[in-house]
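Below you will find the structure I want to go over with you.
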Amino acid sequence: MKILIVEDNPVNLELFQDLIELEGYEVVSAFTGHEAIEKAKREMPDIILMDIQLPEMDGWETTKILKKTPETRAIPIIALTAHAMEGDREKALDLGCDSYISKPINTRTFISDIKKVLSSSPAFDED
């Protein structure tokens with residue numbers, strides 16, 4: 001199982017990566033939206049964790065591009081944001097995100113939130 005983390009904050013990235021790797025998943029990371037699109041096409045992750053506040057191109061725009069691109073449109077995306085504004089969850093789902101997690105994350109439920117989205121993906125096979 002391969003997870004692409006799109007996060008420009010090194011502290012958050014390290015925390016997310018550590019939690020995910022403890023579960024035995026492979027992690028690929030990107031710091032910008034442009035890098036995320038390139039890595040998603042090249043690595044074909046099983047899921048993408050998308051920070052919304054990114055430099056240059058935000059996570060909303062990056063998600064729109066990934067969902068319009070034939071190679072990456074089926075990859076589940078979980079929006080991650082510290083700016084949990086009213087309507088952000090709906091906006092994330094409208095743009096094609098499969099779920100939404102507010103930061104700071106709950107470390108006790110973070111992996112189960114990811115697994116929930118993965119288990120609903122047609123390509124998911126935990127074995």
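The values are calculated or read from the model by the stated rules, or taken from the named source; none is laboratory data. Only a predicted model underlies this, so the values are computations on that prediction, with no experimental measurement involved. In this analysis, Cβ positions are derived from the backbone assuming ideal geometry, glycine residues included, and neighbour counts consider all displayed protein chains.
Going by the conditions given, is K68 basic (K, R) and either surrounded by 13 or more Cβ atoms within 10 Å (Cβ to Cβ) or touching an Asp or Glu at 6+ places or on another chain (Cβ under 8 Å) (or both)?
No; evaluated as a whole, the condition is false for this residue.
Of the residues I47, I37, which is in contact with a Pro (Cβ under 7 Å, 6 or more places away or on another chain), at pLDDT 95 or above, within 24 Å of S120 (Cβ to Cβ) and not acidic (D, E)? Working first, answer last.
Values: I37 fails: in contact with a Pro (Cβ under 7 Å, 6 or more places away or on another chain).
Unique residue meeting the criteria: I47.
Only strands (runs of 3 or more DSSP E) wholly contained in the stretch 11-127 count here; list those with 2 or more residues that are free of Cβ contacts under 8 Å to residues at least 40 places away in the same chain and either over 23 Å from M1 (Cβ atoms) or among the small types (G, A, S) (or both). Walk me through it before giving the result.
Details: elements: 26-30, 47-51, 77-81, 99-102.
Of the strands (runs of 3 or more DSSP E) lying wholly inside the stretch 11-127, those with at least 2 residues that are free of Cβ contacts under 8 Å to residues at least 40 places away in the same chain and either over 23 Å from M1 (Cβ atoms) or among the small types (G, A, S) (or both) span 26-30, 77-81, 99-102.
Residue under question is D8, and the condition is that it be over 12 Å from the mean Cα position of the chain (by Cα) and touching a residue at least 24 places away in the same chain (Cβ under 8 Å); does it hold? Please lay out each step first, then the result.
Numbers: over 12 Å from the mean Cα position of the chain (by Cα): yes; touching a residue at least 24 places away in the same chain (Cβ under 8 Å): yes.
For D8, the condition - over 12 Å from the mean Cα position of the chain (by Cα) and touching a residue at least 24 places away in the same chain (Cβ under 8 Å) - is met.
Does any residue of the stretch 64-74 turn out to be polar (S, T, N, Q) and touching a Gly at 6+ places or on another chain (Cβ under 9 Å)?
So in the stretch 64-74, the residues polar (S, T, N, Q) come out as 69, 72.
If we keep only those that are touching a Gly at 6+ places or on another chain (Cβ under 9 Å) as well, we get none.
Within the stretch 64-74, none of the residues are polar (S, T, N, Q) and touching a Gly at 6+ places or on another chain (Cβ under 9 Å).
Among the listed residues E7, E71, identify the single one that is among the acidic types (D, E) and under 16 Å from Y100 (Cα atoms).
E7
Can I ask one more? So, in the stretch 22-61, of the ones that are among the acidic types (D, E) and touching a strand residue (DSSP E or B) at 6+ places or on another chain (Cβ under 7 Å), which residue ends up surrounded by the most Cβ atoms within 10 Å (Cβ to Cβ)?
D51
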